[in-house]
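In what follows, a structure is listed as structure tokens, so that the remarks can point back to it.
What follows is calculated from the coordinates using simple rules that are stated; it is not laboratory data. Here the structure is a predicted model, which is why all the values come from computation and not from measurement. Neighbour counts run over all protein chains shown; Cβ positions are idealised from the backbone, glycine included.
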Amino acid sequence: MRDELRHILHKQGYGTAGEHVGVKLCHWTKEDLKNDRHCYKGDFYGIESRGCMQMTPIVDYCNFTCLYCWRSQSFDLDVNSAGYKWDDPELVLDGALLEQRRLLSGYKGHPTTPENKWVESQMPKHVAISLNGEPTFYPHLGRFIELCHKRGMTTFLVTNGSRPDVLKKLDPLPTQLYVSVDAPNEEVFNKLCVPIGAGAWDKLEETLDLLPSLDCRKVSRHTLVKGWNMESDKGHAEQYAKLDQRADAHFVESKGYVFVGYSRERMGIDNMPSYEDVQAFTDKLAPLIGYEQQGGRRESRVTLLVKPGVSRMLDLEAWERDHKVEDHPPVSLKDGTLIKDSNWELVNRRLAALKVGAAAPQGTCQCGHPHEAHQHGGVPMTQRVPNVSFRSSAGRTEQGHQ
């Protein structure tokens, strides 16, 4: 990574590690620590924001230059260059965690951040492999995901779908795989997503056809840009429906573009849809694919459609029990006490969580997580049925670890 690019990323609040690793605190991680407010992934899937590490193993290269992307696109990595030295996955994980902890250091003494929350933020339980760049270009992605799982962390991998060959061979698969389907047809795709090189739409279609065979939770993700890819008079919802039916994902997220960052150089504020716009699109898409809406967050301009019979809440306790074999590096408290994530009041915290779940009123998820993020805003809750299988670290298939 060029020193100039590293400097730019640091000014933008990123942490960097090794030659191509990027980390950035999510807005909702900070909100959880300070104000007990949570990301929509908590509402939708049970992820606790304070325990989420948002990172990328390849911050300086993407093969798309999407007009709506708010991130820097000053990529300087030649992924095809002979002799390029990739960082080992162990360095990627430990370097990312070190940077996450550095970025969180200021919250240790924050007046509205309880110490137990700060400690939990130092021991992340979830890795969002997204942030910037296209992660499937990192050649050791499978091993990196394996290392995350060995520490008991769930993984959400976000890809633009341009590398079906990588996804087909990826082992292990992430806990949840997001494929960005941000255009209803090839014409809009080429103008809005601006891929580098030919044939990217064909690769995306190949990825969608591959998804039903992949043994993990899957999400078809639509970033909606007003005036571009969500137009009723052009039949965009109907075209998305055909793509979503091919993907047969467990979930469909529709999220409105936000007029921030570098995207402001290419988009206008009129391209940012309101939550009502996103909801209207969802209302049209849902019956076309036969999915049920089970979530929505106004402040994030996002909705969630769920395939019939699928339980959306992750069983995080079962995931950790079946995958975790090692701790994160220990962390020091104010009094100098050194603690590990396996012994930090987990029993007391989980007992409290179970009490919250047992006493939860009708309309809450009752998944056992000790915060209010899973309260529903009028969207009916379906019965939790264990029907999505995962492969444990021992290689066997377990039911119900969602």
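What to note about this one:
- 3J(HN,Hα) along segment 145-160: 4, 4, 5, 4, 5, 5, 8, x, 8, 7, 10, 10, 9, 10, 10, 7 Hz, from the Karplus curve 6.51 cos²θ - 1.76 cosθ + 1.60 with θ = phi - 60°, whole Hz, x for Gly and Pro.
- Summary value for segment 1-139: 36 percent relative contact order, contacts being C-alpha pairs under 8 angstrom separated by 6+ residues.
- Distant-in-sequence amide H partners of R37 (H built 1.01 Å from N, under 5 Å): D32
- Ordering of 287-294, 325-332 by packing [mean C-beta count within 10 Å, highest first]: 287-294, 325-332
- Paramagnetic label reach from K284 (point 7 Å along Cα→Cβ; backbone nitrogen cut-off under 16 Å): within segment 175-191, residues 182-185, 188.
- Estimated at 0.36 nm per residue, the fully extended path between H27 and S105 surpasses their Cα-Cα distance by 26.5 nm.
- Rounded if a/c under 1.5, otherwise prolate or oblate - segment 179-228, Cα gyration tensor axes: oblate
- Net charge of the neighbourhood of T113, taken over other residues with C-beta under 13 Å away and scored Lys/Arg +1, Asp/Glu -1, is +2.
- Cut-off 16 Å (backbone N to label point 7 Å along Cα→Cβ of Y262), residues of segment 79-123: 79
- Loop-located trypsin sites (Lys or Arg not before Pro) across segment 266-345 with a Cβ neighbour count of 16 or fewer within 10 Å are R266, R298, K334, K340, with loop assigned by DSSP.
- Taking amide H atoms as placed 1.01 Å from N in the peptide plane, the amide H of M230 lies under 5 Å from those of V225, each 5 or more residues away in sequence or on another chain.
- Modelled this way, with points 7 Å down the Cα-to-C-beta line, the labels at Y84 and K234 are 3.2 nm from one another.
- In this label model, E186 and D277 are separated by 2.8 nm, measuring between points 7 Å along each Cα→Cβ vector.
- Distance between the 7 Å Cα→Cβ label points at K168 and H10: 4.3 nm.
- In order through segment 327-332: 3J(HN,Hα) via Karplus (6.51 cos²θ - 1.76 cosθ + 1.60), integer Hz, x for Gly, Pro: 8, 5, x, x, 10, 9
- A Förster radius of 30 Å combined with the Cβ-Cβ distance from K34 to I269 puts the calculated FRET efficiency at roughly 0.60.
- Using θ = phi - 60° and Karplus 6.51 cos²θ - 1.76 cosθ + 1.60, couplings along segment 53-70 (whole Hz; Gly, Pro as x): 10, 8, 8, 9, x, 8, 6, 10, 7, 9, 8, 10, 10, 4, 5, 8, 6, 8
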